[in-house]
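The values are calculated or read from the model by the stated rules, or taken from the named source; none is laboratory data. Note that the structure is predicted; figures quoted are calculated from it, not measured. Because the Cβ atoms are built from the backbone with ideal geometry, glycine has one as well, and the counts that use them run over all protein chains shown. Heavy atoms of the whole protein, side chains included, go into the accessibility calculation; ligands, DNA and RNA do not. Shrake-Rupley method; radii C 1.70, N 1.55, O 1.52, S 1.80 Å.
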Amino acid sequence: MKICVIGLGYIGLPTAAMFASKGHNVIGVDKNEQIVSALNQGEIIIEEDHLAEFVKTAVTEGHLHGSLVPQEADAFIIAVPTPITDEKKADMHFVKAAAEEITPYLRKGNLVILESTSPIGTVDDLICPIIAGSGLEIGSELFVGHSPERVIPGKILYELVHNSRIAGGINQESAQRIADLYRTFVEGEIYLTNARTAELCKLAENTFRDINIAYANELALICEKSGINVWEAISLCNNHPRVNIHQPGPGVGGHCIAVDPWFIVEKQPDTAKLIHQARLINDNMPTIVAQKIINLTQGQDKPQVTILGVTYKPNVDDMRESPILTLISHLKTTNIQVIAQDPFAKGYQGDPYQAAAGSDLLVLGVDHNIYRDLDLKRLAQAMRTAKLLDTRNFFDRQTTAAAGFEYHLLGDK
Ligand code: SAJ
């Protein structure tokens, strides 16, 4: 089949390469000239394990091409960003533009699939009216639906193949055609449903995780006040066969979990109360950590703090919605001087020992595996006051104490 994938980001590009690897003729479309010209040379400008080699092979074998504009194809997959506005509303202008862009190229029998995470009703109320402009009858001449991506950054290629998938169509025929297309590379189950259910499921999965993390964060604050170590408590609770409490931390970041629950709240603010509250709890964590930092550096002349980790989660280079960036902007409104270091984050890749030199507090913000190699003694010696605030239960209290640190742990007395 000829497949046109609109949007070559963290989802569109791996998906395009995956279809190409199975022999389909894939056109990857993006407005960004840098992305398109890199792709046509078999290169990528984003970081994801094994993606560079995978894309290179697809391009070299002649199955994947980049283009600034769509072309006629059998199937069109829309994988453009759905960011959030300052008012916490889904910004759908990329999806709208993509639907408008493909409309002149649509032909009888085509399949149009929305992959971007979107509010309930996007396929029915936004996409279908636009592509109806092709003059083709929706449901019998044009098949349409939503098949949300559910891959986790860092393991995208593995999860694209092995995760189960939802194929939500505007009618049964559309759902079936979507399932048949993804079956080319999906080894997990593919479940058929309608488009609205598929839209809700994607949002509900990420919201489940957000609420669970908010619960862990609330427990962390409760435990601090009760003189209990929340990390030990959660680990003990999770021995129960039906309990799986997530981990607390300095907040929830990324372009999915910190964003998607708002797409539900936006449509039904009076009903989605728990979902809204979880968002507020998680969004408040950087403020809570900032207050701890202020308390731990109180009385210090010209306090300086070094933060290890800036990305939204460990072992990735993505800084979108990172709670650590929020923490840094909070601290910038105080008299505390902040130095941040992160081996993955562009602009923060300095030497960790130099970053810690002369500081009064070291804050572990992101639990990158590479921080396991840090020489804690050397870090403590470089600092003016060897205090450590661990927001991820990454370090061991005894080990840090032996290295000379006064150790403080989020969610502990
Ligand atoms: N986090 C915690 N505690 C935890 C787990 C995560 O504080 O116990 C924080 C992380 O540090 C990070 C944020 O949550 O700041 C989100 O990270 P994540 O690893 O939970 O999720 P994402 O955003 O990288 O990917 C999620 C995944 N959704 C689920 O696991 C339900 C992925 O499968 C989705 O495809 C992706 O969102 C997406 O694109 O929607």
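Per-residue accessible area (protein heavy atoms, 1.4 Å probe) orders Asp270, Asp317, Asp124 as Asp270, Asp124, Asp317, starting from the largest.
Rolled with a 1.4 Å probe across the full set of protein chains, the surface gives Cys201 an accessible area near 40 Å². Computed FRET efficiency, Cβ-Cβ of Thr197 and Ile370, R0 51 Å: what is it to the nearest 0.05? Working from the Cβ atoms, E equals 0.80. Scan the chain and note any complete DSSP helix (H) whose C-alpha atoms cover at least 27 Å along its axis and whose Kyte-Doolittle average is 0.0 or more. Taking the DSSP H segments of the chain (at least 27 Å long, mean hydropathy at least 0.0), we get 273-296.
Compactness of the stretch 2-195, taken as the C-alpha radius of gyration over 2.2 N^0.38 Å, stands at 0.95. Taking all Cα-Cα distances within the stretch 271-413, those exceeding 20 Å account for 45%. Only the Cβ atoms of Lys and Arg (+1) and of Asp and Glu (-1) were treated as charged; on that basis the dipole of the stretch 36-174 about its Cα centre amounts to roughly 140 debye. When the alpha carbon gyration tensor of the stretch 197-318 is reduced to an equivalent ellipsoid, its three semi-axes come out at 28, 19, 15 angstrom, largest first. Ligands, DNA and RNA left out, the accessible area of the chain computed with a 1.4 Å probe is 51% carbon and sulfur. As a ratio to 2.2 N^0.38 Å, the alpha-carbon radius of gyration for the chain is 1.09.
So, counting K/R as plus one and D/E as minus one, what does the shell of residues with Cβ under 14 Å around Cys128 add up to? Present the calculation step by step, with values, prior to reporting the outcome.
Details: positive: Lys96, Arg196; negative: Glu100, Asp124, Asp125, Glu137, Glu141, Glu199.
Value of the local net charge: -4.
Over the chain, with the other protein chains present, what is the accessible area per residue in square angstrom, probe 1.4 angstrom?
Heavy-atom SASA per residue in the chain reads 44 Å².
These residues, Ile170, Ile27, go from largest to smallest accessible area, 1.4 Å probe, as Ile170, Ile27. Projected onto the charge dipole of the chain (+1 at Lys/Arg Cβ, -1 at Asp/Glu Cβ, origin at the Cα centre), which of Gly358, Ala52, Ile6 gives the Cα projection farthest towards the positive end? Of the candidates, Gly358 comes out farthest on the positive side.
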